[in-house]
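Heads up, the thing below is written out as structure tokens.
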Amino acid sequence: MKRRSILSGSTTLDFHTILCFSLLIFSLPPYISGNFTVDGTVIELNDSNFDSAISTFDYLLVDFYAPWCTHCKRLSPELDAAAPVLAQLKKPIVIAKIDADKFRRVGDKYEIDGFPTLKVFMHGVPTDYYGPRKANELVRFLKKFVAPDVATLESDSDISNFVEEAGTVFPMYLGFGMNESMISQFAIRYKKRAWFAVAKGFSDSTMESYDFDKVPALISLHPKYDERNIFYGPFDDQFLEEYVKQNLFPLCLPINSETLKLLRDEERKIVLTLVDDLKEERSKQLIKILKAAASANRDYLFAYAGLQQFSDFVETFGISGHHKDSFNAEVIDSDRIGEDDQGSQVTQFLEGYKDGRTVLKKISGPSFMQFLNSMVGFKLIIIIVFAIAVMMMFQFVGNNEEDRPNRPPSRPVSSEVERPSDKED
């Protein structure tokens, strides 16, 4: 799907456009809300005004940080850049921060055990934030918290603007010829994971552009992966939710630090394919085969990783020593796939699993890496079905990695943990 640039023209025009946009944001007049001055900057909180802040603002993103935390220092300028943009929304989102290492009563109340920890308070109710940490993506992510559950689009231009503004972080579901009530419950249930909209007015050219020929139709879009899927029914709740859940991910998901975070709530078994190097042409061809297999087997989540890239990724998380003990996985079955007629081999592997010809292996700690290493051979590809989504870093990304600066001697060890999910994205 082609994307249109917001900016056009010469470099000078682009510069002035950006400059005017910046002036518009930073020239927002400050206003008083409760005991706080809101001017588009990050508000510093303490233990005496924290409760007042969460009761004053309908939407508040709080950064629980520690001054000595290196990841916190990397995150701080991203929050500074996002704050003025979020402050000018129709339903403003205010960003605040509190030194949870100093004000431990607040940190203990909200069970802060690592830095930085981000929480979104909606009408005083906290929810953990696991989204991106770069300013522009953070803004797009948080906009979902204040956006309508289901957007109503009245024209072709509304549809184009919606897709453009939604960006590429989340999948989106566009209903054509559908009533909002048909998908509203799913829009609420999956609000933090996808965009939802119904188009009331659209032309034949839009139907051609999105490749559907009748209504009602529900279309899922993954702009980041250039994927689209069309659903013509049946539109009862069971089938609708199944369609929504199966299309929250692309057909074949690349495993990296960003996508691992998205698998926290995934219930399907994972068909993981490991190749030697994703840059090789044979690996790219295999991924196309896997997408075809995924399309015919939506009860599974297909994923892939390159051993060359994966090793680099593993090293960046410091998977060595005591960290290895925190990994675990349940390997239902595994097999090596040669280079000839890979489509048939993938099919045979899946059929064998479905027929019960499996070998259950529970692997944890260092033996997991040893298992992967033992499976890798020259010009061989392995496919593994995982029973639960805790493969290698799944738990690790959410709970572990320690950053080891000079620690305050009086601070409990548990509060000094910096989690990989809190690192830069």
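In square angstrom, rounded to the nearest 10, how much accessible surface does Glu339 have for a 1.4 Å probe?
For Glu339, solvent-accessible area is about 90 Å².
Of the cross-linked pairs Lys90/Lys134; Lys144/Lys261; Lys91/Lys119; Lys224/Lys291; Lys144/Lys224; Lys73/Lys224, which ones have a Cα-Cα span greater than 24 Å in the structure shown? Kindly include the intermediate steps, with their values, before the conclusion.
Details: Lys90/Lys134 22 Å; Lys144/Lys261 18 Å; Lys91/Lys119 18 Å; Lys224/Lys291 15 Å; Lys144/Lys224 17 Å; Lys73/Lys224 29 Å.
Beyond 24 Å: Lys73/Lys224.
Which residues' amide hydrogens lie under 5 Å from the amide hydrogen of Glu227, considering only partners 5 or more residues apart or on another chain, with H built in the peptide plane?
So Glu227 has HN proximity to His222.
State the answer as a single residue: which of Leu278, Tyr243, Ser295 lies farthest towards the positive end of the charge dipole of segment 192-296, with beta carbon charges of +1 for Lys and Arg and -1 for Asp and Glu, about the Cα centre.
The one lying farthest along the dipole's positive direction is Leu278.
Test of the criteria: in segment 218-291, which chymotrypsin sites (Phe, Trp or Tyr not before Pro) are in a DSSP loop and have at most 15 other Cβ atoms within 10 angstrom of their Cβ? Kindly include the intermediate steps, with their values, before the conclusion.
Values: sites: Tyr225, Phe231, Tyr232, Phe235, Phe239, Tyr243; in loops: Tyr232, Phe235.
Those that pass, being in a loop and sparsely packed, are Tyr232.
Of the heavy-atom accessible surface of segment 91-228 (probe 1.4 angstrom), what whole percent is carbon and sulfur? Before the final figure, lay out each step's value.
On the way: 2840 of 5930 Å².
It is 48 percent, rounded to a whole number.
What accessible surface, in Å², does a 1.4 Å probe find on Leu350, ignoring ligands, DNA and RNA and rounding to the nearest 10?
Ignoring ligands and nucleic acids, Leu350 comes out at about 10 Å².
List the trypsin sites (Lys or Arg not before Pro) in segment 122-191 that DSSP assigns to loop (not H, G, I, E or B) and whose Cβ has at most 10 other Cβ atoms within 10 Å. Which are they? Kindly include the intermediate steps, with their values, before the conclusion.
Values: sites: Arg133, Lys134, Arg140, Lys143, Lys144, Arg189, Lys191; in loops: Arg133, Lys134, Lys191.
Hits after loop and neighbour filter: nothing returned.
Out of the GluC sites (Glu not before Pro) in segment 251-280, which ones are loop residues according to DSSP with at most 14 other C-beta atoms within 10 Å? Intermediate results must be reported in sequence, preceding the final value.
On the way: sites: Glu258, Glu266, Glu267, Glu280; in loops: Glu266, Glu267, Glu280.
Taking segment 251-280 and a limit of 14 other Cβ atoms within 10 Å, the loop GluC sites (Glu not before Pro) found are Glu267, Glu280.
Going by amide H atoms built from the backbone, whose H comes under 5 Å of the H on Lys134, apart from near neighbours?
Asp425
Once you have a ≥ b ≥ c as the square roots of the Cα gyration tensor eigenvalues for segment 170-241, tell me rounded if a/c is under 1.5, and otherwise prolate or oblate according to whether a/b is larger than b/c.
Values: a/c = 1.68, a/b = 1.19, b/c = 1.41.
In terms of gyration-tensor shape, oblate.
In sequence order, what are the phi-derived ³J(HN,Hα) couplings for segment 271-286 according to the Karplus relation 6.51 cos²θ - 1.76 cosθ + 1.60 with θ = phi - 60°, rounded to whole Hz, with x for glycine and proline?
Karplus values, whole Hz, x for Gly and Pro: 9, 9, 10, 10, 10, 5, 8, 5, 7, 6, 5, 5, 5, 5, 5, 5.
Looking at the square roots a ≥ b ≥ c of the eigenvalues of the Cα gyration tensor of segment 147-189, which shape do they give, rounded for a/c under 1.5, prolate if a/b is larger than b/c, or oblate? Before the final figure, lay out the partial values.
Details: a/c = 2.12, a/b = 1.20, b/c = 1.77.
Oblate.
Just to check I understand the Karplus step: with θ = phi - 60° and J = 6.51 cos²θ - 1.76 cosθ + 1.60, what whole-Hz values come out for segment 97-106, glycine and proline as x?
9, 9, 6, 6, 6, 7, 9, 6, 4, 5
The values are calculated or read from the model by the stated rules, or taken from the named source; none is laboratory data. Treat the numbers as computed from the prediction; the structure is a model and nothing was measured. Here the Cβ is made from the backbone with ideal geometry for all residues, glycine too, and neighbour counts use every protein chain on show. Protein only, heavy atoms only, side chains kept; ligands, DNA and RNA dropped before computing areas. Shrake-Rupley method; radii C 1.70, N 1.55, O 1.52, S 1.80 Å.
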